[in-house]
Amino acid sequence: MSTPAEDRRPRRAILGQLPRMYRADGSPIRVLLVDDERALTNLVRMALQYEGWEIDVAHDAAEAVAKYRAATPDLLVLDIMLPDTDGLGVLAQIRDSGPYTPTLFLTARDSVADRVTGLTAGGDDYMTKPFSLEELVARLRGLLRRTAYLTPAEDESLVVGDLALDVPSRAVTRGGEPVALTSTEFDLLRFMMRNPRRALSRNEILQHVWDYDFGGRTSIVDLYVSYLRKKLDTDREPMIHTVRGVGYLLRAAP
């Protein structure tokens, strides 16, 4: 069993105190949960059902891909270590054949290299086992907010130098070339583009981009800024700059 003993029963008073979230048409959020630990999936299923969400479960890669294609979920919770194909392979198959789905990886491996591998493979967030059910729900709610899926998109377009971001289509281009971003990367870039030429502290970014309180642990900001730099600044004049002792600043390339 991978979750802590104190989290073995979903706490309705904690998990259900926030307003429920629904799909744009008012129907329940659909979640596909993929993990080969049946005790864990039973527990997580109960916690997410308290949110009023519909939960489907798969215990291996083949079942996960089949269930995803049969009914595309709104959220994917995906264990990296599966008995047939790992979760990275599952996500690659899904992203090649279906629409974008916000994905949270679960992993028993907590090294920086393992986390970076999962996120650069297209995951939007990750949690290491053992984990808190309360935190898992909070992270998933945050992913839903960041995808702008539940409500009509804002009519907002931002331009900084040769970098352009369009909120309704969630399209990003630099120098006219498209840049593919995950939902978290998109939200981080949007916040930075709303505040060009201003030094943004790591705590300020954390508060505005992530809906979950990471307890002041700002390393996740550094991680995602590094992803944006690779996608936006590689082989180009850099737009994202480190402000020593503060955080980051985005400005048009000279």
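Some points to look at:
- Residue match in region 216-236 (condition: of a type in the set (Ser, Thr, Tyr) and at pLDDT below 85): yes
- Test: residue in region 174-190 that is surrounded by fewer than 17 Cβ atoms within 10 Å (Cβ to Cβ), at pLDDT 85 or above and either of a type in the set (Val, Ile, Thr) or in a strand (DSSP E or B) (or both): yes
- Scan of region 155-188 for residues that are touching a residue at least 60 places away in the same chain (Cβ under 8 Å) and closer than 24 Å to Val246 by Cβ, ordered by number: Val160, Gly161, Leu163, Thr184
The values are calculated or read from the model by the stated rules, or taken from the named source; none is laboratory data. On a predicted model such as this, the values are computed, not experimentally measured, just so you know. Here Cβ is always computed from backbone atoms with ideal geometry, including for glycine, and neighbour counts include all displayed protein chains.
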